[in-house]
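The values are calculated or read from the model by the stated rules, or taken from the named source; none is laboratory data. This is a predicted model, so every value here is computed, not measured. Because the Cβ atoms are built from the backbone with ideal geometry, glycine has one as well, and the counts that use them run over all protein chains shown.
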Amino acid sequence: MTLTPLVYWAQRHEEIYLRVELTDAQNIAVCVQENILRFRAQGHGAKGQNEYEFSLEFFLPVKPEERRRLKASRHKEEGFVSLKTGYLFVYNLVQFLGFSWIFVNMTVRLFIFGKDSLYDTFHTISDVMFFCQLLAAVEVLNAAFGFVKTGVFPTLIQVSGRNFIIFVVFGSLEEMHRQPVVFFVFYLWSAIEIVRYPYYMLGCFNTEWKTLTWLRYTMWIPLYPLGVLAEAVAVIQSIHIFDETKLFSIPLPKNIGTSISFSYILHIYLVLMFLGLFINVRHLYKQRKRRFRTKKRKAN
Ligand SMILES: CCCCCCCCCCCCC/C=C/C(=O)SCCNC(=O)CCNC(=O)[C@H](O)C(C)(C)COP(=O)(O)OP(=O)(O)OC[C@H]1O[C@@H](n2cnc3c(N)ncnc32)[C@H](O)[C@@H]1OP(=O)(O)O
């Protein structure tokens with residue numbers, strides 16, 4: 001008589017996770033033909049040491065590339081997966097706490113001090129923002145090493161774009177510290193992150209909260225163009241300061257001229273910014289379509 005092991009089923013977006021309750025499993029045979037998955041192995045299950053098998057019929061055929069992933073997800077990888085999940089969860093939690101502190105602090109200060117709070121955002125918030133944005137560089141590595149299913153380039157654009165603004169435009173010019181534009185840039189950045197990171201945290205446990213998913217894939221529509229616009233204002237405001245202070249200017253040999261102002265780089269950066277905006281808006285639009293298309297299909 002064939003014995004059937006306990007099989008746990010979990011499902012998210014376009015993936016199905018099956019956990020077969022067998023310890024010391026050996027001679028594992030898993031195959032997927034069209035929409036049927038067959039499993040057989042020897043191991044210790046509910047009826048002791050035995051041979052166990054089961055087959056499952058899916059609603060639709062399994063994509064060939066998904067079958068490969070299925071074969072690869074064996075015992076040895078489980079430890080790595082839980083380590084990766086733990087690492088991602090802690091990373092997302094730290095970022096969530098950092099950006100929540102920024103957002104709440106700025107909101108409370110706005111209510112208490114009104115317009116005056118716009119002028120000292122840099123002094124009250126910049127340390128935590130420096131920390132969170134430096135840490136965000138990890139996201140490029142996460143994408144590059146395949147820890148998360150996302151493109152390296154959009155992440156690189158996002159992280160380097162923000163870090164250029166915070167470290168070069170704001171950080172190096174004291175004259176920029178008291179500009180209200182700092183408030184708008186920091187507020188727009190943190191508004192999206194207090195939604196994005198909890199969304200990822202839930203994702204680490206294959207869980208989702210529909211309202212949060214909707215917010216994650218919708219809020220960028222007004223926030224991203226506004227954020228880039230605020231950053232462009234900051235860059236434009238800094239141009240004459242770089243010209244006057246000659247900070248970061250490139251000295252030239254005497255017979256050619258004095259120096260090349262850093263403001264030339266800023267003009268090029270302004271163009272890159274709108275190119276970056278276009279690339280990332282297109283990326284986020286695709287992610288949104290993918291997410292909501294999957295959902296609609298499931299609902300039908
Ligand atoms: C070569 C350098 C050139 C430099 C040029 C510079 C030009 C600069 C121009 C641009 C300047 C931008 C400045 C920024 C402004 C602002 O931020 S304004 C405020 C509004 N901003 C936003 O809305 C953008 C927020 N940021 C993002 O959304 C991301 O950073 C992103 C890279 C743009 C898109 O994220 P992405 O990861 O690709 O998409 P998701 O759908 O969220 O994720 C895909 C899947 O990956 C999983 N995942 C991702 N990260 C994590 C994680 N940390 N932990 C766990 N899981 C993660 C995620 O769950 C998804 O998986 P599934 O759910 O299974 O699909």
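For the condition over 29 Å from F147 (Cβ atoms), in a helix (DSSP H, G or I), more than 9 Å from the ligand (Cβ to nearest atom) and out of contact with any helix residue (DSSP H, G or I) (no Cβ under 8 Å at 6 or more places or on another chain), I256 does not qualify.
Put simply, of V108, V128, V90 the only residue that is assigned by TED's automatic domain parsing to the domain that holds V148 and either among the aromatic types (F, W, Y) or under 21 Å from F167 (Cα atoms) (or both) is V128. If you check H283 against the conditions, is it modelled with pLDDT of 95 or more, surrounded by fewer than 19 Cβ atoms within 10 Å (Cβ to Cβ), within 8 Å of the ligand (Cβ to nearest atom) and not charged (D, E, K, R)? Yes: the conditions hold for H283.
Every residue, every condition in (1) at pLDDT 85 or above; (2) of a type in the set (G, A, S), yes or no:
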residue	(1), (2)
M1	no, no
I36	yes, no
F39	yes, no
H75	no, no
G86	yes, yes
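Selection within the range 47-59: residues that are within 16 Å of L18 (Cβ to Cβ) and in contact (Cβ under 8 Å) with a residue 40 or more places away in the chain. The member of this set that is surrounded by the fewest Cβ atoms within 10 Å (Cβ to Cβ) is F58. What is the residue count in the range 183-219 for residues that are of a type in the set (S, T, N, Q), closer than 29 Å to A10 by Cα and crowded, with 20+ Cβ neighbours inside 10 Å? Residues in the range 183-219 being of a type in the set (S, T, N, Q), closer than 29 Å to A10 by Cα and crowded, with 20+ Cβ neighbours inside 10 Å: 0 in total. Is there a residue being at pLDDT 95 or above, more than 9 Å from the ligand (Cβ to nearest atom) and buried (at least 19 other Cβ atoms within 10 Å of the Cβ) anywhere in the range 159-167? Yes, because at least one residue in the range 159-167 is at pLDDT 95 or above, more than 9 Å from the ligand (Cβ to nearest atom) and buried (at least 19 other Cβ atoms within 10 Å of the Cβ). Every condition in (1) touching a Leu at 6+ places or on another chain (Cβ under 7 Å); (2) farther than 25 Å from T4 by Cα; (3) modelled with pLDDT under 90 holds for S117 except the one numbered (3).
Of all residues in the range 252-271, those that are among the β-branched types (V, I, T) have Cβ atoms under 7 Å from Cβ atoms of residues that are modelled with pLDDT under 95 and not in a loop (DSSP other than H, G, I, E, B), 6 or more apart or on another chain, in I260/I250. The residues of the range 100-158 that are near the ligand (Cβ under 10 Å from one of its atoms), surrounded by 15 or more Cβ atoms within 10 Å (Cβ to Cβ) and among the polar types (S, T, N, Q), listed by number, are N142, T155, Q158.
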